[in-house]
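Step one of this worksheet: look at the structure below.
Readers should treat all values here as calculations from the given coordinates under stated rules, not as data from a laboratory. Source: prediction; values computed, not measured. FYI the Cβ positions are ideal-geometry reconstructions off the backbone, even for glycines, and counts take in every protein chain you see.
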Amino acid sequence: MMDVITNTLVLTVGWPRAGKSFWCSQMIKEKGYVIVNPDSIRLAFHGKAFDSAYENRVWKTVEIMIKSLFLAGHSTVVLDATSVTRKSRKKWEKIGEKERFTVKYIVFNTPVPICEQRAQEGNREDLISVIQRMFRQYQPLNEEEQKNCYPKDDLLKPAFNQDEENYELSGLV
């Protein structure tokens, strides 16, 4: 008899300041989901938004945290990361096959000028070049990934009014 996979890793997909972390904070409040956030891990390791010398360590910690949260009994874990390339998403699919969890996606298609404005308003002008680079690197979900994508009207729909918040949240690219 084959085991039924009941654990789900939800990957956020979108460039910085697209609303991923805001959405995740709403999911904590509304649904009680646990969030793994590489930015928080970076700050815990070295106190900076980014340091390339620590990236392998950061991502190994992310992987261990996700595995341990599933082992602790959480059925849904959200990875609050950019996940803009197929390679970055495929990595989690492979780990999911091995560790027995499914991967779902939720895509944030916030227009780049809005993300740049948010970076400026948050005194993070350093993110503008990162937003632009990630937008250029962005690879839309392929056909197989789209089958595992949460649409706007799914149960994971954010608890805020998207029009009021100027967020364009889309499950399909």
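Summary value for region 7-170: 36 percent relative contact order, contacts being C-alpha pairs under 8 angstrom separated by 6+ residues.
Each of ASN142, ILE95, GLY73 was scored by the projection of its Cα onto the charge dipole of region 56-160, and the greatest displacement toward the positive side belongs to ILE95; charges sit on the C-beta of Lys, Arg, Asp and Glu.
First check a/c for region 7-170, with a ≥ b ≥ c the square roots of the eigenvalues of its C-alpha gyration tensor; if it is under 1.5, answer rounded, and if not, answer prolate when a/b is larger than b/c or oblate otherwise.
In terms of gyration-tensor shape, rounded.
Partners of LYS67 within straight-line reach, counting lysines whose Cα lies under 21 Å from its Cα and excluding those fewer than 8 residues away in the same chain: LYS31, LYS87, LYS90, LYS91, LYS94, LYS98, LYS104.
With a cut-off of 11 Å between beta carbons, the residues surrounding LYS90 carry a summed charge of +1, where Lys and Arg count +1 and Asp and Glu -1.
Residues SER83, SER52, arranged from fewest to most other Cβ atoms within 10 angstrom of their Cβ, appear as SER52, SER83. Extending 7 Å from the Cα toward the beta-carbon at both ILE28 and ASN142 defines two label points whose distance is 3.4 nm. For region 1-63, the Kirkwood estimate of hydrodynamic radius, built from reciprocal distances between every pair of different alpha carbons, is 13.7 Å.
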